[in-house]
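Below is one structure, written out as structure tokens, with a few remarks after it.
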Amino acid sequence: MRAIRRFIVQPVLPEPLRPLAELARNLRWSWHEPTREVFRAVDPDLWAAVGSDPLKLLSQVSPERLDTLAGDRRFVRNLEIVREDLHDYLTGDRWYQAFAAGHAEAPAAIGYFSAEFGISKVLPQYSGGLGILAGDHLKAASDVGAPIVGVGLLYHHGYFIQSLNASGWQQERYPLLDPNELPVSLLHDDAGAVVIEVEIRGVLTKAQVWVAQVGRVPLLLLDTNLEDNPERERLITDKLYGGGSSHRLAQEVLLGVGGVRAIRAYCRITGHAAPEVFHANEGHAVFLGLERIREFMTTGDDFDAAVEKSRAGMLFTTHTPVPAGIDRFSKDQVREQFQSFAPLPIDRIIELGAETYPGGDPNVYNMAVVGLRLGQRANGVSKLHGEVSRQMFQGLWPGFDSSEVPITSVTNGVHARTWVHPELREVLESPLETDENVVDGWDWKALDRIDDTTVWTLKRQMRGQMIIMARERLAKSAAARGMNADWVATALNPHTLTIGFARRGASYKRLTLMLSQPDRLKALLNHPTTPIQIVIAGKAHPADDIGKGLIQQMVQFSDSEDVRGKLVFLPDYDMSLARPLYPGCDVWLNNPLRPMEACGTSGMKAAINGAFNLSIRDGWWDEWYDSAFGWAIPSAETIGNQAERDAAEAESLYEIIEREIIPMFYTRDANGVPAEWVKMMRATIAGLGPKVMATRMVRDYVEQLYAPAAAAAVKVLADDTAAQLAQWKTKVRAAWPGVVVTRIESHLPDIVEVGSTNEFDAWVRLNGLDACDVAVELVSGEVDASDELRNVRITRFERPGETGEDGAVLFRVRATSQTPGLVGYTVRVVPSHPLLASRSEMGLAAVAAL
Ligand SMILES: *Cc1c(COP(=O)(O)O)cnc(C)c1O
């Protein structure tokens with residue numbers, strides 16, 4: 001017989017143990033070692049058996065054990081201390097409070113929307129890097145006290161669990177999660193559970209809201225699995241990235257539109273400050289802008305003014321430099337969805353997603369383009385990715401150099417307390433907040449004070465613990481595949497140079513590049529004195545047969561007799577695999593097709609565990625590569641032929657391993673320590689630690705994007721500023737086709753010397769605009785053979801007041817030549833208004849065509 005409903009009977013905790021329930025409900029336990037120690041002490045065997053899940057632990061621990069603990073004075077006293085520490089953590093002033101004291105514009109709250117969040121393996125609501133990043137963003141925001149409210153969906157099957165069949169083909173399982181067993185609680189008011197309503201595909205769909213507490217940060221997760229909903233609507237939140245495009249669109253409407261409504265309910269009930277800034281983490285979340293426009297229109301604004309109000313406080317982060325990775329729908333589909341999203345005019349909604357640039361598809365609704373139009377601010381996730389994004393979307397800003405495209409970058413980071421191995425963390429964590437070497441409680445130079453042998457022994461322990469985890473997983477996998485598992489007991493060696501490679505099975509990541517010369521690889525794996533071993537993991541998207549094929553190729557290679565136990569594939573890459581994996585590796589390999597890796601964070605997690613990156617200079621590694629931290633595989637981007645490019649890059653990969661990595665690892669001093677290697681471990685942790693921390697990333701977001709966005713929002717929300725700005729933009733757009741540079745006079749001598757100053761006059765027909773509505777700019781820079789300007793420098797013209805006979809207005813500038821060489825220039829007119837965040841914002845430029 002099947003049960004029709006399930007519920008959990010909570011154990012009654014004896015009074016002195018009540019704080020355990022509170023500790024279990026705040027996910028801070030997942031990165032706070034003293035709290036984990038408390039749970040472990042409740043019942044060490046059970047803690048291991050339930051996979052370090054406090055709620056499971058508390059629901060299964062025996063009443064006798066609880067009674068014993070209630071009488072254990074040491075346990076109870078320690079529990080009190082840890083509970084008090086949590087209270088201090090939740091209430092004390094932190095970096096953000098000091099920042100806000102000096103910056104009136106610091107927002108009172110920020111809504112952070114993401115389709116996935118990777119916080120802990122007990123809340124499996126993520127597929128890969130994007131989700132882990134979002135989880136680390138919330139954790140770091142909590143650490144620095146940034147008032148973020150996270151918004152996502154609660155997927156009843158999460159993302160899939162990966163296993164392999166006998167032939168190495170990926171198998172997917174979607175076990176049902178019961179929210180009652182997850183560390184979340186239903187948002188409710190006095191009348192009961194709060195229900196949000198959103199019209200999705202023409203059906204008024206209800207959603208309840210679960211709240212997970214991530215330290216100081218609440219995370220709201222919407223869930224349509226309600227009996228009141230029709231079957232199809234109940235299934236909207238079934239799986240992460242499952243189903244076809246109609247299903248995905250439904251999820252994204254729920255996330256964006258429903259997410260704003262959930263925040264409103266949350267703030268109403270809890271008294272939490274309303275967000276002034278809304279951050280869409282990737283295109284999945286950008287419909288939040290439509291809901292905010294609707295809110296403003298409902299209180300009296302017209303569409304254009306509402307757009308201005310919503311835009312000023314909205315930030316869009318793009319995460320992919322691969323056009324195929326961008327979320328797109330058909331226009332018809334979106335039109336149908338938002339047909340009755342009153343009072344927004346449907347045609348304006350459709351215009352927002354139109355690919356109005358050369359090569360754009362007229363039938364497509366592009367979510368990144370929506371994000372760029374609805375967010376006054378936008379960013380990529382590493383310097384290189386910012387650059388690539390500016391080029392990729394340059395078509396939306398014709399007349400501007402790609403460097404002027406208003407997409408900036410904030411390089412991703414990782415949450416150190418989640419990702420640094422516990423024993424290494426003991427060394428690196430410092431109680432001295434004020435020491436100059438200490439950043440957010442971490443002393444990244446602490447290894448300098450520890451001798452070589454101790455550092456090396458610690459690394460071997462980390463490798464050994466990873467191997468124990470790997471053998472458990474290999475044994476399970478071999479059994480599931482019906483294979484002999486005798487070899488597993490001796491798989492991997494704690495003394496062998498260990499290379500790690502784990503990531504989603506996206507094809508640009510080139511999982512199988514290392515197999516391009518199989519015999520050469522086998523020789524390295526089987527070397528009698530200086531061998532390497534390789535640990536591999538990764539999931540392919542369920543619909544990606546090419547990715548699954550690559551995994552199968554890798555698994556079949558690892559199955560062969562002469563490789564088995566030396567190159568291993570560990571199924572089901574998730575946080576519980578990842579956390580011990582990075583510390584257990586000596587070298588972290590990454591060989592994407594440059595520049596397709598937007599940032600990549602696994603290499604950062606490896607680095608703060610003393611592993612060196614061996615990577616193509618892509619994403620973050622392009623920015624922070626240094627030979628003291630690892631090796632750069634030369635990227636053969638200039639080779640057009642994919643197979644040749646792969647071969648060239650693979651050749652470099654082998655050479656670096658053979659000539660540099662292996663000799664350094666196996667050159668030992670009298671104590672058996674590779675002194676050069678240990679020195680490089682110290683340099684890597686000290687050099688990269690402070691940079692890759694997620695707290696650094698969150699501070700960057702606050703200072704460079706959240707605070708300016710909040711300031712812009714305050715201005716636009718004042719009185720009828722938004723309406724005036726909207727009217728001004730309409731006027732400028734209407735006049736723009738008639739704005740022309742009619743004449744330029746340069747008073748250049750035959751020979752221009754560096755340092756000389758020259759005068760330029762430009763006559764501009766303003767077509768009814770005022771001179772103060774525009775900026776006239778001298779754009780100068782290096783020129784190539786086709787006269788394309790590069791590395792442009794912009795100098796603004798002044799208006800001396802004269803108007804010519806033809807009605808054109810005179811602008812004049814004096815510019816100094818700064819660098820020798822061939823220089824070109826042009827003159828252009830751009831809109832100018834104090835509320836524009838950049839000169840390129842409107843995508844309008846009248847460039848001289850004389
Ligand atoms: C860090 C991490 C990722 C992302 O790694 P990339 O380097 O961005 O590919 C994916 N999955 C898990 C489980 C991770 O911990």
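Here, each number is a calculation from the coordinates, and none is a lab measurement. These numbers were taken from a predicted model, which means no experiment stands behind them. Cβ atoms come from the backbone with ideal geometry, glycine included; neighbour counts cover every protein chain shown.
Would you calculate a helix-derived [θ] at 222 nm for the chain, using -39,500 (n - 2.57) for each DSSP H run of n ≥ 4 and dividing by the full residue count, to the nearest 500?
Per the formula, -11000 deg cm²/dmol.
State the answer as a single residue: which of P634, G152, V827 lies farthest towards the positive end of the charge dipole of the chain, with beta carbon charges of +1 for Lys and Arg and -1 for Asp and Glu, about the Cα centre.
G152
Stretch I346-V714 to full length: gain in nm at 0.36 nm per residue minus the Cα-Cα span?
That works out to 129.7 nm of additional length.
³J(HN,Hα) across the range 55-63 via Karplus (A = 6.51, B = -1.76, C = 1.60, θ = phi - 60°), whole Hz, x for Gly/Pro?
Karplus values, whole Hz, x for Gly and Pro: 5, 5, 4, 5, 7, 10, 5, 6, x.
Report, ordered by chain and residue number, the aspartates and glutamates lying within cross-link reach of K206, taken as a straight Cα distance under 17 Å and ignoring same-chain residues fewer than 8 apart.
D189, E197, D223, E227, D228, E231, E233, D238, E252, E291
Over all alpha-carbon pairs in the range 15-91, figure out the percentage whose distance exceeds 22 Å.
Percentage above 22 Å: 14.
Ratio to report: Rg/Rh of the range 625-666, with Cα atoms as the point set and Rh obtained by the Kirkwood method; give two decimals.
1.06
Where nothing but the Cβ of Lys and Arg (+1) and of Asp and Glu (-1) is charged, how large is the charge dipole of the range 547-656 around its Cα centre, in debye to the nearest 20?
The calculation lands at about 320 debye.
Express the C-alpha Rg of the range 733-847 as a ratio against the empirical globular expectation 2.2 N^0.38 Å, rounded to two decimals.
The value comes to 1.09.
Starting from the Cα of L226, step 7 Å along the direction of its Cβ; do the same at E472; then give the gap between the two resulting points in nm.
Placing both labels 7 Å along Cα→Cβ, they lie 4.0 nm apart.
Subtracting the Cα-Cα distance from 0.36 nm times the residue separation, let me have the gained length for E433 to I751 in nm, one decimal.
Result: 108.6 nm gained on full extension.
Could you give the dipole magnitude of the range 733-847 about its Cα centre, charging the beta-carbon of Lys and Arg +1 and that of Asp and Glu -1, in debye to the nearest 20?
In debye, rounded to 20, the range 733-847 gives about 360.
Is the range 446-560 rounded, prolate or oblate when judged by the Cα gyration tensor, a ≥ b ≥ c being the square roots of its eigenvalues, rounded requiring a/c under 1.5 and prolate requiring a/b larger than b/c?
prolate
Once you place label points 7 Å from the Cα toward the Cβ at N363 and R94, how far apart are they in nm?
Once both label points are built, they end up 4.9 nm from each other.
Using the crude model of +1 on Lys and Arg Cβ and -1 on Asp and Glu Cβ, and no other charge, please compute the dipole size for the chain relative to its Cα centre, in debye to 20.
Values: 87 positive and 109 negative charges, 359 e Å.
Result for the chain is approximately 1720 debye, rounded to the nearest 20.
Report the normalised scattering of the chain as log10 I(q)/I(0) at q = 0.06 Å⁻¹, calculated by the Debye formula with identical scatterers on the alpha carbons.
-0.44
Relative contact order for the chain: what is it in percent, counting Cα pairs under 8 Å that are at least 6 residues apart?
In percent, rounded to a whole number, it is 11.
In the range 229-254, which residues have a backbone nitrogen under 19 Å from the label point lying 7 Å from E336's Cα in the Cα-to-Cβ direction?
Under 19 Å, as judged by backbone N against the label point of E336, lie 230-237, 242-254 of the range 229-254.
On a full-extension model of 0.36 nm per residue, what is the gain between H495 and E199, subtracting their alpha-carbon distance, rounded to one decimal in nm? Don't skip to the end; give the middle numbers.
Values: separation 296, 0.36 × 296 = 106.56 nm, distance 5.91 nm.
Full extension from H495 to E199 adds 100.6 nm.
List the GluC sites (Glu not before Pro) within the range 207-265 that fall in a DSSP loop (any state other than H, G, I, E or B) and whose Cβ has at most 11 other Cβ atoms within 10 Å.
E227
List the residues whose amide H sits under 5 Å from the amide H of R617, counting only those 5 or more places along or on another chain, with H placed 1.01 Å from N in the peptide plane.
I633, S635
Which links in K522/K679; K459/K679; K239/K548; K566/K679; K383/K731 stretch past 24 Å when you go from one Cα to the other?
Going by Cα-Cα distance, K522/K679; K566/K679; K383/K731 fall outside the 24 Å limit.
In terms of modelled amide H atoms, which long-range or inter-chain residues lie less than 5 Å from the amide H of N412?
none
Between D189 and E172, how many nm apart are label points set 7 Å from Cα along the C-beta direction?
Simple spin-label model gives 3.9 nm for this pair.
Which whole-Hz ³J(HN,Hα) couplings does the range 630-643 yield from phi under the Karplus relation 6.51 cos²θ - 1.76 cosθ + 1.60, θ = phi - 60°, glycine and proline marked x?
Here the 3J(HN,Hα) series is x, 10, 9, 6, x, 8, 9, 4, 6, 7, x, 6, 4, 5 Hz.
Return M604, M842 ranked ascending by Cβ neighbour count within 10 Å, so the fewest neighbours appear first.
By the 10 Å Cβ count, ascending, the order reads M842, M604.
Using the Karplus curve 6.51 cos²θ - 1.76 cosθ + 1.60 with θ = phi - 60°, what ³J(HN,Hα) values do you get for each residue of the range 463-468, in whole Hz, with x for Gly and Pro?
5, x, 5, 4, 5, 4
What FRET efficiency would be calculated for the residue pair R814, Q391, taking the C-beta separation as r and a Förster radius of 30 Å, to the nearest 0.05? Working shown, then result.
Details: r = 32 Å, r/R0 = 1.08.
In this case the efficiency is close to 0.40.
Neighbour counts of other C-beta atoms within 10 Å: give me V381, V813 arranged from fewest to most.
Details: V381 31, V813 17.
The order, fewest Cβ neighbours first, is V813, V381.
For the range 517-604, state the average projected area of the convex hull of the C-alpha atoms over all orientations, rounded to one decimal in nm².
Mean orientational projected area (the range 517-604, Cα hull): 7.0 nm².
To make sure I understand, if each residue's beta carbon is the centre and we count other beta carbons within 10 Å, what order do V260, V122 fall in, fewest to most?
Lowest count first: V122, V260.
Given the options P737, G843, P800, identify the residue whose Cα lies farthest towards the positive end of the charge dipole of the range 733-847 (+1 on Cβ of Lys, Arg; -1 on Cβ of Asp, Glu).
Projecting each Cα onto the dipole axis, the largest value belongs to G843.
May I ask you to give the average projected area over all directions of the convex hull of the Cα atoms of the range 450-692, in nm² rounded to one decimal?
Convex hull of Cα atoms, orientation-averaged projection: 12.9 nm².
Once the dipole of the range 733-847 is set up with Lys and Arg at +1 and Asp and Glu at -1 on Cβ about the Cα centre, which of V779, V752, Q818 lies farthest towards its positive end?
About the Cα centre, the residue reaching furthest to the positive side is V779.
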